[in-house]
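In what follows, a structure is listed as structure tokens, so that the remarks can point back to it.
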Amino acid sequence: MRLSFTTIYYYYIYRTVLLILYFDISQTRLGKDKNKLLASFKELERKDILRNQKVLDLVYLALFMTIIVVITQVPNLGFIPLGITTATIGHIPVIIAAIYFGKKLGVLTGTLFGVMSLVTAYVRPNNAFDLLFQNPIISVLPRAAFAFLTVIIYNASKVLKNERVRVLWSAFFGSLVHSVLVIGALFLVYYKQTTAILIGDTITPSAVKAGIVALLGSILAEAILSAIITLPVISALRISHKSS
């Protein structure tokens, strides 16, 4: 049977339309599969980055804890004798951890710092004040609380647009909070002993003035030192976080 030219013409048009439709559907499915595949790769990459960052953060946390142990146990390294009192830099890693890691790990490092100062008070007391730190209410509790409050200070300082100023502010006032909590606990629990150590047995205006000056000098020195050390360390940690 012979087909007319018109029949053959419409037949090839019909085949062409079918091929175009098939090609279009195939491309659409391929595009969807490709998008799903790319999304899966991106999700795996994101999870891998998060996993690596968690590992890196744990390494940093272990490093901070090691530093705390070292500076509290090596004589005159973490606790610097200043006559009748002692200035500490052991709380600085706690401030850094509180700002960088947040509440949970910050409080953990603060508690570790308190425990290490408790051990130091028993093993190697430097002065009469250190004997009072054999009480965990003095040595441990204020250190854990100050770490928690440092995070609150940092979070509350969001009104400061400059991040460097925010870190300096948080480190400085976090150190002041540490001093206030520890000294407050000393006066609350051992008022007579603390007063006697600071002022002496004979209370005179000059003795009171000398004790206050020494105490305020130690508090201010710790706060300034905390701000100076914390800022570059936090900056370095964040640069490392971005590069990883």
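Annotations for the structure displayed:
- Screening Ile229 on (1) of a type in the set (A, V, I, L, M, F, W, C); (2) touching a Leu at 6+ places or on another chain (Cβ under 7 Å); (3) at pLDDT 80 or above shows it passes everything except condition (2).
- All helices (runs of 4 or more DSSP H) inside segment 105-192 with 1 or more residues being among the β-branched types (Val, Ile, Thr), surrounded by 15 or more Cβ atoms within 10 Å (Cβ to Cβ) and on the phi < 0 side of the Ramachandran plot: 136-139, 141-156, 163-189
- Residues of segment 162-192 satisfying the condition of being basic (Lys, Arg) and either under 20 Å from Arg143 (Cα atoms) or at pLDDT 90 or above (or both): Arg164, Arg166
- Restricting segment 193-226 to residues that are farther than 21 Å from Leu168 by Cβ, part of a helix (DSSP H, G or I) and polar (S, T, N, Q), the residue that is modelled with the highest pLDDT is Gln193.
- Residue match in segment 118-136 (condition: modelled with pLDDT of 90 or more and within 15 Å of the chain's Cα centre (by Cα)): no
- Scope segment 143-181; condition free of Cβ contacts under 8 Å to residues at least 40 places away in the same chain and closer than 12 Å to Glu222 by Cβ; matching residues: Val177, Val180
- Selection over segment 214-243 of residues that are among the charged types (D, E, K, R) and surrounded by 13 or more Cβ atoms within 10 Å (Cβ to Cβ) gives a count of 2.
The values are calculated or read from the model by the stated rules, or taken from the named source; none is laboratory data. This one's a predicted model, so the numbers in the text were calculated from it and none came from an experiment. Please note: Cβ atoms are built from the backbone with ideal geometry, for glycine as well, and neighbour counts cover all protein chains shown.
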